[in-house]
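Below is one structure; the comments refer to it alone.
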């Protein structure tokens, strides 16, 4: 670490959670290389409009810099962009006078940040696509795997594990759409000068430079691109992280010893506890939940950054150096991590089936209620009859079906075969295929 407090090549997020491709986007060397791309694109635009000689613009393409020199200059200037421009200029000859012509720092910083954010969003979109494929495959494989549905943490009615995952697939698809929209919202550059009026750099230069960089020029800007764009992206990252937290929390709950229906991968040689050799903890899912909290809180800071003084201040700048790379890096990591969890998830089908029947038929009570209503009993009376037997079954461990079969008030309205059919879990699964069809997933997994 140098005397400016810089750590060459360092990322804000700790390396433990930084995957190579996403980390490279936020590397300090790359940070300045992207800024140099912006400076060169502007010089090319000035040359195209006839303001600077074409041969000078071509020479500027050979510009270089070193992080050490930028830091050395900044120790005196206390201004990062000026230090960067000076360091680049030192690698050139007389043509260096065209660098940063008509620009303000934010022209370079905000436009280069847009390039970083769009690159990061593209990686995250790929992660989401991969996760959707993994969850979809598991949902198809377990379309008919019977399990108990729960509300308030209490057994409700039967469902299937595949159907539970299908809800995740739909949510992942919504998040893909949200992220694509948020990416478009930050895919803008601004080369409009000190307060955005183009007083020293005409709109044509902005249009040419942004086109060369693969961005669209902002229709109007102040000294900066407005931070609602960045808040949109950050809020979207937070929502995606929250979905992952939701999915991971479900796995964590289902892995509880008392439930034991699924388990995150536990490879040979892995340790669950430093003190208890028997432990197989859902620690990877817990890591997903923990990092999701960081991303959610970072979104709050991004919303605060929308409100700046007049044409701009720099209260947003320092926090963005942390929250933007950290959130992209952390989300990239937990998307990768949760995909690995899904891909290696252990599903205990026998335990799922056993849990459905563990409450002695209580979970089929609504079917009896509806059958009695259809047979002519009032809803209030039918509810009271079924509930009284259900409470006895719950407290005494008796079969609800047997208790009902011994009640003439019930059997006078519901035949023995009809009652048995109500306690067949298959009746709860008869419309499962409809949701798969709506999502375009058939039994073979084609989309």
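The values are calculated or read from the model by the stated rules, or taken from the named source; none is laboratory data. Since the structure is predicted, the reported quantities are computational estimates derived from the model, not experimental observations. We place every Cβ from the backbone using ideal geometry, glycine too, and count neighbours over all the protein chains shown.
Below is a table of values for the structure above.
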quantity: Residue check, residue 57 at pLDDT 95 or above and assigned to a helix (DSSP H, G or I); calculated: yes
quantity: Which numbered condition residue 438 fails, given (1) over 41 Å from the mean Cα position of the chain (by Cα); (2) exposed (fewer than 13 other Cβ atoms within 10 Å of the Cβ); calculated: (1)
quantity: Residue under evaluation residue 223, criteria (1) more than 19 Å from the chain's Cα centre (by Cα); (2) modelled with pLDDT of 95 or more, criterion not met; calculated: (2)
quantity: Some residue of region 388-397 being at positive phi, modelled with pLDDT under 95 and outside the structural domain of residue 143 (by TED's automatic domain parsing); calculated: yes
quantity: The one condition in (1) under 24 Å from residue 207 (Cβ atoms); (2) assigned to a loop (DSSP other than H, G, I, E, B) that residue 92 fails to fulfil; calculated: (1)
quantity: Counted residues, region 195-212 - those being assigned to a loop (DSSP other than H, G, I, E, B) and within 13 Å of residue 110 (Cβ to Cβ); calculated: 1
quantity: Residue identified as within 30 Å of residue 44 (Cα to Cα) and surrounded by fewer than 15 Cβ atoms within 10 Å (Cβ to Cβ) among 211, 229, 256; calculated: 211
quantity: Positions within region 152-167 being within 22 Å of residue 369 (Cβ to Cβ) and touching a strand residue (DSSP E or B) at 6+ places or on another chain (Cβ under 9 Å), in sequence order; calculated: 155, 156, 157, 158, 159
quantity: Single residue of 289, 315, 319 found to be in contact with a helix residue (DSSP H, G or I) (Cβ under 9 Å, 6 or more places away or on another chain), more than 18 Å from residue 186 (Cα to Cα) and modelled with pLDDT under 95; calculated: 315
quantity: Neighbours by Cβ (under 8 Å, 6+ apart or cross-chain): first from region 411-429, touching a residue at least 24 places away in the same chain (Cβ under 8 Å); second exposed (fewer than 14 other Cβ atoms within 10 Å of the Cβ) and in a loop (DSSP other than H, G, I, E, B); calculated: 413/376
